[in-house]
Amino acid sequence: MRNILHDFFGLFFPDLCPVCRTRLSEGEQYICTDCLLLLPKTNFHLQPENRLEQFFAGRIPFQRIAAYAYFIKDGSIQQIIHELKYNHNPKIGHFIGQLSGENIKGSEFISAIDVLVPVPLHPKREKERGYNQSYEICKGISETTGIPVDNTTLIRAVNNPSQTKNSRFDRWKNVENIFTITDPSIFQNKHILLIDDVITTGSTLESCAKEVLKCENSKVSIFAVGTAN
Ligand SMILES: [Zn+2]
């Protein structure tokens, strides 16, 4: 019944690829095959001291940092992330998480990880959006790699105002101390992979990592679907 309805509505509202806006063919899901093949992958997970790691160097004591693909203005990853965050399409997050998981599966980067932790949204923002996009990405990565997700131990304590008009220092101040750990024993002796949708300034991830590293003998790595760096 659901499929019949889907096909019926599809006559009027066909599923479009969010990147090139062409209608998806049968068997294609969320993103068309042509656009999938053209995703600008970084393969940073295979490159220790890649430029994302250089970008974070000296800011936090991380193990490794990688991103699935380059986030370029008006590029495919920007369209996909926009679809995920602003078009009420959590499933595309799950899908891009699966693609990311397939990409890093079997590498030393992911084999070292004990638990996947999404960057938390403030509950108010999550309620407005209906989901946390980073958690949707985590679920896809977890399915392909078998690594569990923990979305309850690292939480966001206060809602920070919009960051778009602030300087880098203000942004950093904005996210400082807004994350908290509910039970430090859960992350004790664990290697945490923090997951975000896109890495831009890195200030939110930096703040999360600092909080996680307060747990005894914990290690932190970072992974995002896109990187603007
Ligand atoms: Zn396309």
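The table below lists the values:
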item	result
Sorted by Cβ density within 10 Å, fewest first, the residues E26, E211	E26, E211
Phi-based couplings in Hz for segment 118-131 (Karplus 6.51, -1.76, 1.60; Gly and Pro marked x)	x, 4, x, 8, 5, x, 5, 5, 5, 5, 4, 7, x, 6
Of K139/K190; K85/K127; K91/K124, those spanning more than 24 Å from alpha-carbon to alpha-carbon	none
Relative exposure of F56, F109, F44, F223, judged by other C-beta atoms within 10 Å (fewest first)	F56, F109, F44, F223
Gaussian network model of the chain, Cα within-10 Å springs - most flexible of L99, L194, L46	L46
Built amide H within the under 5 Å cut-off of F179, gap 5+	A157
Sorted by Cβ density within 10 Å, fewest first, the residues R64, R59	R59, R64
Value of D in µm² per second that Stokes-Einstein yields for segment 176-229, Kirkwood Rh from Cα pairs, at 10 °C (1.306 mPa s)	137
Residue-span extension gain [N177 to Y86] - 0.36 nm each, minus C-alpha spacing	30.1 nm
Of F187, F55, F179, the one that fluctuates the most in a GNM where the chain has Cα springs shorter than 10 Å	F55
Proximal lysines to K41, defined as alpha-carbon separation beneath 16 angstrom and excluding residues fewer than eight positions away on the same chain	K73, K105
Listed residues N87, N177, N151, most fluctuating in the chain (Gaussian network, C-alpha, under 10 Å)	N87
Karplus (6.51, -1.76, 1.60) ³J(HN,Hα), θ = phi - 60°, over segment 183-198, in Hz, Gly and Pro reported as x	9, x, 5, 5, 9, 4, 6, 10, 9, 8, 9, 6, 10, 10, 6, 9
Ellipticity estimate at 222 nm from DSSP helix runs (n ≥ 4, -39,500 (n - 2.57)) divided over the chain, nearest 500	-11000 deg cm²/dmol
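No lab work stands behind these numbers, since they all come straight from the coordinates. Just so you know, these numbers come straight off a predicted model, no measurement behind them. When we count neighbours, we look across all protein chains shown, and the Cβ atoms used for this are built from the backbone with ideal geometry, even at glycine.
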